[in-house]
Structure formats: structure tokens, C-alpha cells
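The values are calculated or read from the model by the stated rules, or taken from the named source; none is laboratory data. Just so we're clear, the structure is a prediction, and the values are computed from it rather than from any experiment. As a convention, Cβ positions derive from the backbone with ideal geometry for all residues, glycine included, and neighbour counts pool all protein chains shown. The accessibility values were calculated without ligands, DNA or RNA, using every heavy atom of the protein model including side chains. Shrake-Rupley method; radii C 1.70, N 1.55, O 1.52, S 1.80 Å.
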Amino acid sequence: MRGNGATATDVPVAQVREQILQVLQAWGMAPDLAGTTADLMAGTDLLGIDSHGISMLPAYEEKWRAGSLRLDARARIVRDGGASALIDGMGGLGYPVAAQAMHLAVDKALEHGVGAVSVCNSHHFGAAGIYARIAVERGVVGLVTSSANGVIMVPTRGAMPMLGTNPIAFGAPAAYNEPFLLDMATTTVAANKVKVYDFLDKPLPPGWAVDGEGAAVTGAAAAMEFIFKHPEGGLTPLGGTAAMSSHKGYGLAMMAQILGGTLSGSAFAARRAPTRRPGEPSSMSDSDDVGHFFLALNPDAFRAAGSFESDMDDLIDAMHDTPPANPVEPVLVAGEPEAAERARRLRQGIPIPAALAERLRGICERAGTPYLLGGA
């Protein structure tokens, strides 16, 4: 047990994975697709990214029951141009099609030097970084972006949100260091991070969320209302504050929208959302139609085999050798905090906050599956 504004129970990753698997299968997801999804969701929790792991099940249940998420969908390749491809997610949950697309991009990069795969008609795919990890584990450089089904970010000089927390992830392998793995939202913080603060009953740092007047919102529950239910207010762009929007963060969100959504022909949420009435069931043709983009680069196509990884080690070592501002806090590079947290959670388990456990118990009861995460 631990305290962080609320109690939490540490649960072995195998139990977390099994809980996700049983719920998804009870909802009608095919065993192979549910297995892939459970692997990726539990793997995300293992890295300490609690905002995008098992805590996503309540949102997925809501979408599934509303009819905008097809859990029986199986993706299909609709265009294949050698080094490029387009995959139709068929309105299903994004994890299986995203894993398929990243692996396909890597296959193409290993053959052609470069592989680029777009996905249309998909749904939320979790943390973008989990797919960049697929690339580096196979020895290539990976870039991942996605559009979003929510309208949360207020553009520079705007008065209402127009973009989602369109994520960007980038990974590059090294020889003996941990790979460089960047995983970021284009808002100051991902919306699902606010959800975790709500589960833990913790106040938000000022500047993450704003109300319709541009004033900071620090109550996590109130911020969730502005993010998901109000037409005004939302999250600030990366690098912005409650008082000043960031043009660069806004630009990054636009880039992710263009690569993740526009390139694949997926819907633009800000234009699509007004056509739906709250609570109205959706057909497959009225699915969230989220788009993703996966780029893989084979370093061996650009230079001598192994030399890229060697230079990556030199680059990372140079960062580590930087004199730290605080002697007890050494300089790190992207991916190292998650690697350390993964090692710790493999030993100690994944923390499940009490508020989340209560939500998951209800999901299991409605799905007719046992609750496997311990606790009274």
C-alpha cells in the first residue's frame, strides 16, 4: 500500500495483464487482439505511465457501450506501396492495428531503408511511446504520431479548444545504453494524466489546465469537467501557461494532426464533434476515426552497420557526463526514468489507486468477469 493523496494496492503485472485480457474478451474482442492489447496496456503501466494503462478501461467501456468503439473489428491493409502502406483500423481499438502498423513499418525499413505506415478509422491506441519501443527493440529508429478523438487544446490566440493532445514519440537504439525514447503530449500534460491526479485526489500544478476565461484550474475533478464536458477551457499547449499560449506547442500539435490524421484521411475531431449529439450511439461509419502515423528508419541503410548505435552511446554518455546542477540528481536522457520504473515495478508491482480499483470492480461486475487485482 502507498499514500499519494489516496491509498493504492501494488499488483503484479501478470495480474494486471490478465484483468485487462478478461475484460476485453468479455466485451467481445478476439483472443489474439485482446492479448496484444493487454500486453501493451500492462506494459505501459509497467513503465510508470499510469495515465495510459489499465486506467483507460473506464473510458473504453463508455465508448464501447455508446457504440463508437468496435471491439470485434479486425484491421486490413488497403494500400501497399512498397515502402509505404495504409491500414484501415475498421473502427476498432487502436492497440492491435498500431502494433501491426509499427511492425509493418519496421519490416519495410529493413527491406527499403525507410518504412512509413498510416492508419485510418482507428481509436485511442494508448501511449505513443510503446510503439516507438517496438521499433528500437527491432534495431531501427521509430517515429510515432496520432490524431485524437477529443478537442482539448486551445490554439495560440484562440478562445476555445480545437486540437487534441496529439502525441509524438521517437525512439533510437543504442549499443549498451538504454535506447533514447521520447514520449510526449503536445499539450503541457496529457489529458489522461489529469485523470490520474483525480484518482489520487491531488491538485494540478498551475498552468496545466484553464477555464473558459483562461484562468488556471488546479482542481483535478474540475479540470476533467473542462477537458471533457465544457465547450470552452481545456489544456494549454506544451510550453504554455494559463496566461500565455505556446505557439511552438500548438505547432507540434498541428504537425501531429497532419501526419497522424490528415495524411491518412482520418477525421478532424474539431469539425466532426459538432455533428454528434451527446450520448448518441454511433455506427461504424460514425466511429471516432482516429489516425496514426508510424515511420521506421534503418540506420544500416545510411551508414556502416553498428556505427549508429555506437554514436548513440557516445551522445548519451556525453549527456551523462554533464555536471549535474544537483549532485544527487544525475543528468538523464529520455527513456531512462521509465526503464528504472519498469525494473522497480517488476519487483514491487503496479500501483492501483483505490478510486480506480472501485471503477474497475464495477467494470468487472458488468462484464461478468472476476476482479483480479486484490484488496478487500
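H112 contributes an accessible area of around 90 Å² to the protein surface, as traced by a 1.4 Å probe with all chains present. Computed from backbone phi with θ = phi - 60° and the Karplus coefficients 6.51, -1.76 and 1.60, the 3J(HN,Hα) list for the range 78-89 is 10, 9, 9, x, x, 8, 9, 7, 10, 10, 8, x Hz; x is used for glycine and proline.
Averaged over residues, the count of other Cβ atoms within 10 Å places the peptides 258-267, 16-25 in the sequence 16-25, 258-267, highest first. Note on the range 280-366: the alpha carbon radius of gyration divided by the globular reference 2.2 N^0.38 Å gives 1.84. The residue list L40, G94, A339 was ranked by how far each Cα lies along the charge dipole of the chain toward its positive end, using unit charges on Cβ atoms, and G94 comes out on top. For the chain, the number of Lys pairs with C-alpha atoms closer than 30 Å, counting only pairs eight or more positions apart or on separate chains, is 12. About its Cα centre, the dipole of the range 43-101 is roughly 260 debye, where the only charges are +1 on Lys and Arg Cβ and -1 on Asp and Glu Cβ. Rg over Rh for the range 69-179 works out to 1.03, both radii taken from alpha-carbon positions and Rh defined as the Kirkwood radius. Just so you know, the Rg over Rh for the range 126-191 is 1.12, from Cα atoms, with Rh as the Kirkwood radius. The charge dipole of the range 64-162, taken about its Cα centre with unit charges on the Cβ of Lys, Arg, Asp and Glu (plus for the first two, minus for the last two), comes to roughly 260 debye. Per residue, the chain exposes 44 Å² of accessible surface when a 1.4 Å probe is rolled over the protein heavy atoms with every protein chain present. A dipole drawn for the chain from +1 and -1 charges on Cβ atoms has a positive end, and of P299, P167, V140 the residue lying farthest that way is P167. Surface composition of the range 309-376: carbon and sulfur make up 56 percent of the accessible area, probe 1.4 Å. Solvent-accessible area of the range 1-116 (1.4 angstrom probe, protein heavy atoms only): carbon and sulfur portion equals 51 percent.
Qualifying trypsin sites (Lys or Arg not before Pro) in the range 299-376, where qualification requires a DSSP coil assignment and no more than 13 other C-beta atoms within 10 Å, comprise R303. The residues F293, F308, sorted by heavy-atom accessible surface at 1.4 Å with ligands and nucleic acids left out, run F308, F293 from largest to smallest.
Note on the range 26-94: Kirkwood radius taken over Cα pairs, Stokes-Einstein applied at 10 °C and 1.306 mPa s, translational D equal to 118 µm² s⁻¹. Each peptide in 65-72, 161-168 gets a packing score, the mean of other Cβ atoms within 10 Å over its residues, and the list from highest to lowest is 161-168, 65-72.
Projected over all directions and averaged, the alpha-carbon convex hull of the chain occupies 18.7 nm².
With K and R counted +1 and D and E -1, the other residues having a Cβ less than 15 Å from that of Y371 yield a net charge of 0.
Taken about its Cα centre, the chain carries a charge dipole of roughly 980 debye when the Cβ of each Lys and Arg holds +1 and the Cβ of each Asp and Glu holds -1. Largest accessible area first, the residues W208, W64 order themselves as W64, W208 under a 1.4 Å probe with ligands, DNA and RNA left out.
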